[in-house]
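Chemist: Sharing a structure here in structure tokens format.
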Amino acid sequence: MGLPPWIYPFLQKVKEEYKNALPLATATPPTEEDKAWIEKNALEEDPFDSLNLKGKMSAEYKNNTASLQKQTCTLGTILAISKEPISPKTWTTWWHCIRLVVPLKEVRIVFYLHPQTRQLPAKGLPIEPQHINGGMTMPCDAKTVIIYRKEEATRVLLHELFHASCTDPYEKPQPFIEADCETWAEIALCALKAKGNPRSFEDLITEQIAHAVNQSRYLTLFHGVKTPEDYAWRYTKGRLNVFEELGFSIPFAPKKPKKPETLRLTLCEP
């Protein structure tokens, strides 16, 4: 495939990210303010969380069927409602994501980690937010980052952190902003998985782009995702345009694409 020349400084930055020790993060009890903020966000109407996954996980916590875990360090605060303990490796990965993308901003991240996967609707029906979205944040605000699905939580974290970093191409319409942000999230995810190693990154990004091509082709044929006016274009077909603009090779789309098991956008987990 070959990589565009600009990627090598970025991969070096990721390699250095893993060489440098993270600030000490400590597990601390959530405060009443933390709990109130989580509850407030769970109750707010969210057009992207039309399945009310935040509300369901908040209810699980109040019913003692899920726990609220918290870590803090000089980078900020992460709160996570989960039905199972979060591994040390996952916490470390999230802190690396934060320091890589928003090193100069103090963050407040809330993970609701609902187990609902991204399910395809029946053939012929459009892809809507409940089928594909997993988080939200306010532009340029690293203290309002919310992720509400467990599936692809790290990729969604990266996506929302890029929004929070204030690097979106604001001169473009929203579907193009989202396509740009999603592409960078996928590049960063593969770079983190590869720990900045160019050969490993090339293998991962090649596989990822092939997945995106197959998925986009399937959604075009069976769910009408064709133009920026189609909601899911911004996360699926639109990213192929951005990958190409950034200098990555895009393979030909298969005539008979494989049906995705879920609508998850990426294959790897760092």
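Chemist: Pairs needed: first member in the range 1-12, without any contact (Cβ under 8 Å) to a residue 60 or more places away in the chain and under 17 Å from LEU204 (Cβ atoms); second member anywhere, loosely packed, with under 11 Cβ neighbours inside 10 Å and among the β-branched types (Val, Ile, Thr); C-beta distance under 6 Å; at least 6 residues apart or different chains.
Modeler: Nothing qualifies.
Chemist: I need the full set of residues from the range 101-134 which are touching a residue at least 40 places away in the same chain (Cβ under 8 Å), within 14 Å of the chain's Cα centre (by Cα) and either farther than 24 Å from LEU221 by Cα or part of a loop (DSSP other than H, G, I, E, B) (or both), in order please.
Modeler: The answer is VAL101, ILE109, VAL110, PHE111, TYR112, LEU113, THR117, ARG118, ASN133.
Chemist: Something else: What pairs come out if I take residues in the range 51-72 that are within 14 Å of TYR148 (Cα to Cα) and at pLDDT 95 or above and pair them with residues that are assigned to a strand (DSSP E or B) and among the basic types (Lys, Arg) whose C-beta lies under 7 Å away, six or more apart or interchain?
Modeler: LEU53/ARG149
Chemist: Okay, moving on. Could you tell me which residue of the range 184-195 is surrounded by the most Cβ atoms within 10 Å (Cβ to Cβ), considering only residues that are in contact with a Phe, Trp or Tyr (Cβ under 7 Å, 6 or more places away or on another chain) and within 15 Å of TRP6 (Cα to Cα)?
Modeler: Across the range 184-195, the extreme among qualifying residues is ALA191.
Chemist: Does GLU229 count as of a type in the set (Asp, Glu), surrounded by fewer than 15 Cβ atoms within 10 Å (Cβ to Cβ) and out of contact with any His (no Cβ under 7 Å at 6 or more places or on another chain)?
Modeler: yes
Chemist: Helices (runs of 4 or more DSSP H) wholly in the range 1-66 with at least 3 residues that are of a type in the set (Phe, Trp, Tyr) and under 20 Å from ILE187 (Cα atoms) - which ones?
Modeler: Answer list for the range 1-66: 7-19.
Chemist: Still on this structure, I have one more. Pairs needed: first member in the range 234-260, more than 14 Å from ALA210 (Cα to Cα); second member anywhere, in a loop (DSSP other than H, G, I, E, B) and at pLDDT 95 or above; C-beta distance under 6 Å; at least 6 residues apart or different chains.
Modeler: Pairs that qualify, where the first residue is more than 14 Å from ALA210 (Cα to Cα) and the partner is in a loop (DSSP other than H, G, I, E, B) and at pLDDT 95 or above, are GLY247/PRO4.
The values are calculated or read from the model by the stated rules, or taken from the named source; none is laboratory data. Predicted model only: the values in this text are computed from it and were never measured. All Cβ positions, glycine included, derive from the backbone under ideal geometry; neighbour counts span all protein chains shown.
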